[in-house]
Amino acid sequence: MENKIAVYGAYGHTGKFLIAQLYQQGYKPILSGRDADKLNVLSNDYPDLITKVADINQPETLDEAFADAEIIVNCAGPFLDTAEPIIQSALRLGKHYLDVSAEQKAVLDIFEKFSEKAKSANITIIPAAAFYGGLGDLLSTTVTQVWDKADEISLYIGLDSWHPTKGTRLTGERNHYQRFMFAENRLQPVLEVKSKIWEFPDPILTQEVVTVPLSEIITISRHIKVNTINTYLSQNSLADIRSDETPEPKPVDKKNRSSQRFCMEVVATKGNKKRSITAEGIDIYAVTAPLLVEAIKRILKGKIKKQGVTTLGEAFDAAAFLRALDTDDIVISDIKETHIN
């Protein structure tokens, strides 16, 4: 399990969660990024791990950093800047690639630019393998697996707070592109922000949720037959992230998670049938690590259903993937089935 995984942006907020969980499970990932000083600081906690300085503007440094790995995980945003050069390196080297992008355009660009090249190279590329993009895709795949198609899939994301990292703020500043919704079986520009009241479990409770299309619009629409996809985010969390006064997340437990609680509920309809499933847990940045680790383990074991550019829900047995997650990281509900009157 030594040197099979290279993590770019290893010293970032999400990268540190990933490194800690990989290391705890016996993996010895390669620590990589563009900042040598930050890599040196991180290596103090992992003196037996290899560090590789690499710059997205110097392709040869990327190739040297990733040459011995089987899987490259990109945790360094903004992904509008980092994804393409790292994927180009993955293609040159024949390595699998995952990232944690929430940016619609970054994910859409990966599908459009690299699908055929990845197939030809016999590698798997999974963008948005994170809380945003990946988790909603897994839940949506699981809840609709008994249907050949769905009329509508709606995701309701409730956070009791959102203390954004510097990386999240930088990504927001960089991501000034048109957002897309999915309606009438196609991507369309978002022309109207909708809002409604949604009931989440304690401690999030009743919240106003508003239309915020993120990368799950792209991931879900790529492989699930559905007419309409909606994504809603709780207004209180948007107020947090839009305020310059909101501090960065602070660790409060032994896993260095913040106190933030989240709930993601996915509701799918077909005719008069409705199916729903929820995921609850602590810290949207921290929970990305177990999602990535489970994907990495399945790729290394050959438990992958598709090569080329794909999604967590399409690449793996989504229901089995969710069942394999530790309940200390995330709790997945049973599927509820009802009829619409």
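The numbers here are math on the coordinates, done by the rules we state, and not lab data. In this text, all values refer to a predicted model and were calculated from it rather than measured experimentally. Heads up, the Cβs are rebuilt from the backbone with ideal geometry, glycines too, and the neighbour counts pull from every protein chain shown.
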| remark: Shape descriptor, the stretch 151-248: equivalent ellipsoid semi-axes (Cα gyration tensor, sqrt 5λ, whole Å, largest first) stand at 24, 18, 11
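Once you keep just the Cα pairs under 8 angstrom separated by 6 or more residues, what percentage relative contact order results for the stretch 264-312?
21
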| said: Between Lys105, Lys254, Lys166, where does the largest GNM mean-square fluctuation fall for the chain, given springs only between Cα atoms within less than 10 Å? | reply: Lys254
| request: Between Lys297 and His223, take the C-beta separation as r, use R0 = 22 Å, and let me know the FRET efficiency to the nearest 0.05. | output: 0.55
| message | Which of the three applies to the stretch 209-333, rounded, prolate or oblate, going by the alpha-carbon gyration tensor with a ≥ b ≥ c and a/c under 1.5 meaning rounded? | response | oblate
| Degrees separating the helix 79-93 axis from the principal Cα axis of the chain, which is the longest one | 60
| note | Charge tally for neighbours of Thr338 with beta carbon under 10 Å away, counting Lys, Arg as +1 and Asp, Glu as -1, is +3
| Among 208-220, 262-274, 16-28, the order from most to least packed when residues are scored by Cβ within 10 Å on average | 208-220, 262-274, 16-28
| said: Sequence gap at least 6, Cα distance under 8 Å: using those rules, report the relative contact order of the chain to the nearest whole percent. | reply: 19
| Over the stretch 10-164, what is the relative contact order in whole percent, taking alpha-carbon pairs under 8 Å and six or more residues apart? | 15
| field | Inter-label distance, nm, simple model (7 Å from Cα along the C-beta direction), Gln24/Asp45 | value | 1.1
| query | Say each of Asn256 and Thr211 gets a label point 7 Å from the Cα, pointing the same way as Cα to Cβ; how far apart are those two points in nm? | reply | 3.9
| query | Using 7 Å Cα-to-Cβ label points, what is the Leu187/Lys149 separation (nm, one decimal)? | reply | 2.1
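Using the Cα centre as the reference, give the magnitude of the dipole from point charges on the C-beta atoms of the stretch 155-270 (Lys, Arg: +1; Asp, Glu: -1; all else neutral), rounded to the nearest 20 debye.
Working: 16 positive and 14 negative charges, 103 e Å.
In total the dipole reaches around 500 debye.
Using only the Cα atoms, what convex hull volume per residue in Å³ does the stretch 14-170 have? Provide the component values of the computation, followed by the final result.
Working: hull volume 24.6 nm³, N = 157.
With only Cα atoms used, the stretch 14-170 gives 157 Å³ per residue.
Take the residue pairs Lys16/Lys254; Lys105/Lys225; Lys274/Lys305; Lys113/Lys301 and return only those whose Cα atoms are more than 25 Å apart. Walk me through the intermediate numbers first.
Numbers: Lys16/Lys254 14 Å; Lys105/Lys225 21 Å; Lys274/Lys305 27 Å; Lys113/Lys301 27 Å.
Cα-Cα > 25 Å for Lys274/Lys305; Lys113/Lys301; rest within.
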| note | Under the rule rounded for a/c under 1.5, else prolate if a/b exceeds b/c, else oblate, using alpha carbon gyration tensor axes a ≥ b ≥ c, the stretch 275-341 is classed as oblate
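In debye to the nearest 20, how big a dipole does the chain give about its Cα centre with +1 on each Lys and Arg Cβ and -1 on each Asp and Glu Cβ? Walk me through the intermediate numbers first.
Details: 40 positive and 46 negative charges, 171 e Å.
Magnitude of the dipole: close to 820 debye.
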| field | Spatially proximal aspartates and glutamates relative to Lys336 (Cα-Cα < 20 Å; intrachain offsets below 8 disregarded) | value | Asp137, Asp148, Asp151, Glu152, Glu199, Asp202, Glu265, Glu280, Asp317
